[in-house]
1. Filter segment 134-157 down to residues that are part of a helix (DSSP H, G or I) and open to solvent by 80 Å² or more (accessible area, probe 1.4 Å) and give me whichever is nearest to Gly86 (Cα to Cα).
2. Restricting to segment 106-133, what's the tally of residues that are surrounded by fewer than 13 Cβ atoms within 10 Å (Cβ to Cβ) and either among the basic types (Lys, Arg) or more than 17 Å from Gly56 (Cβ to Cβ) (or both)?
3. Among Thr21, Thr36, which is out of contact with any helix residue (DSSP H, G or I) (no Cβ under 7 Å at 6 or more places or on another chain), surrounded by 14 or more Cβ atoms within 10 Å (Cβ to Cβ), among the polar types (S, T, N, Q) and at pLDDT below 90?
4. Quickly run through segment 120-133 and pick out the residues that are under 14 Å from the mean Cα position of the chain (by Cα) and assigned to a loop (DSSP other than H, G, I, E, B).
5. Can you tell me how many residues in segment 95-119 are free of Cβ contacts under 8 Å to residues at least 12 places away in the same chain and either part of a loop (DSSP other than H, G, I, E, B) or farther than 24 Å from Tyr35 by Cα (or both)?
6. Quick check on Gly56: is it more than 19 Å from Ala88 (Cβ to Cβ), modelled with pLDDT under 85, open to solvent by less than 80 Å² (accessible area, probe 1.4 Å) and not aliphatic (A, V, I, L, M)?
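The values are calculated or read from the model by the stated rules, or taken from the named source; none is laboratory data. These figures come from a predicted structure and were not determined experimentally. Because the Cβ atoms are built from the backbone with ideal geometry, glycine has one as well, and the counts that use them run over all protein chains shown. SASA here: full protein model, heavy atoms, side chains in, ligands and nucleic acids out. Shrake-Rupley method; radii C 1.70, N 1.55, O 1.52, S 1.80 Å.
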Amino acid sequence: MGTSRRPSSGDGTHYFGGDWTETKLEIISKYLGAYTTALKAQPFKKAYIDAFAGSGYRSIRADDGDEGQLAFAELAEEQPQLLLEGSARRALRTSPRFDKYFFIEQTGERCAQLEQMRTEYPELSRDIVIHQGEANASIRALCSGTDWALRRAVMFL
């Protein structure tokens, strides 16, 4: 059994998921690449929308009910936690790339961490939009304020 979504620990660490989360993120990464490849010759502008973008990274730890057991216990150690990329970072690594990236996050601390991705991905910096707010309201505003006739998006909820 994996861990459940948890609030930030106050040190900027974003704890959520378990080994099943890594499998899900791998599948999404493959899908994003297939999606942008399939649409690369089309006239559409392609966007990635992440409604719960988090910090860009994720960390895991055992749930109290898990009795401290993880499928990959070595991933719970301090150093490897820094290497667990979340959906936002994986989207930025998608090839062919998206034309625009919308990252929605309610927590100011995590938005600040997302902002750091602009320096890590300078070639994408102008196409990264970070919005601090509640997901439902942010999605409604984004969708209603956009002409979708020549645009397509993958929305990760």
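1. In this case the residue turns out to be Asn136.
2. Residues in segment 106-133 being surrounded by fewer than 13 Cβ atoms within 10 Å (Cβ to Cβ) and either among the basic types (Lys, Arg) or more than 17 Å from Gly56 (Cβ to Cβ) (or both): 1 in total.
3. One residue alone meets the criteria, Thr21.
4. None - no residue of segment 120-133 is under 14 Å from the mean Cα position of the chain (by Cα) and assigned to a loop (DSSP other than H, G, I, E, B), so the list stays empty.
5. 2
6. no
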